[in-house]
1. Once neighbouring chains are kept in place and the probe is 1.4 Å, which whole percent of the accessible area of region 1-57 is contributed by carbon and sulfur?
2. Expected output is a single nm value to one decimal: the length gained when fully extending between residue 2 and residue 109, i.e. 0.36 nm times separation in residues minus the C-alpha distance. What is it?
3. Residue 73: accessible area at probe 1.4 Å, nearest 10 Å²?
4. If you count, for each residue, the other Cβ atoms within 10 Å and average over each peptide, how do 107-115, 15-23 line up from highest to lowest?
5. Round to the nearest 10 and report in Å² the accessible area of residue 62, as given by a 1.4 Å probe over the protein chains' heavy atoms.
6. Tell me, in nm to one decimal, what length is gained between residue 95 and residue 12 on full extension, where the rule is 0.36 nm per residue of separation less the Cα-Cα distance?
Amino acid sequence: MQIDPLIEGKYLKTLKYAADINSAEKEYGIPSGLLAGLVMHESGGNPRAVSRVGAGGLTQLMPATAKELGAKVWWYGSEDKLPVKSVAYGDSLSALVKMYKKNSKELAKMDERFNPRKNIYEGAEYFRRLYNQLGDWDLALKAYNVGPNHKKFHRINSGYPKTARRYQEYWNGRNNRRLPEFAYSSSNTPGKL
């Protein structure tokens, strides 16, 4: 396996969470390395990652999704009105993460999306739900990225699944794993990545 300098940094950061990722993949029946590919794509292996619209943690869960999965989510407003893709919330969450830069445990108490283990398992559960709903791992990857309720979800030409699959292949190659045949759809074989 040749080292790809553009991917290696994400791989090394994500590798710190390999035990939890592997365990969550087994628990939720996710193909080997695919959750790792998702984590590498979503956060680059940064457990404190925050998107501009307020997704957080290794698997970049949105506040409402995380709350639905049972996580405690920080919000400066009313608990029953969590933000949906709000740049103002993303900015506030980023400021909170910076404020707790030296105290990750306290941050994780305020918002469990920043607890790496909990985030990995919640992200895996959500990813598996999407697969159960859509019946295809590549569609589940696309839905994870744009949201399954997006009006034109099925018509969006997203490179997200291809990139996540590339990370999956890299993860499995660096960890000396052979990819299972069922991990690929006919349009997304290892040779086409």
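The values are calculated or read from the model by the stated rules, or taken from the named source; none is laboratory data. These numbers come from a predicted model, not from an experiment. Backbone-built Cβ (ideal geometry, glycine too); neighbour counts: all protein chains shown. Surface areas here come from the heavy atoms of the whole protein model, side chains and all, with no ligands, DNA or RNA. Shrake-Rupley method; radii C 1.70, N 1.55, O 1.52, S 1.80 Å.
1. Whole-percent figure for carbon plus sulfur exposure: 55.
2. 34.5 nm
3. Ignoring ligands and nucleic acids, residue 73 comes out at about 10 Å².
4. Descending mean neighbour count gives 107-115, 15-23.
5. 40
6. 27.3 nm
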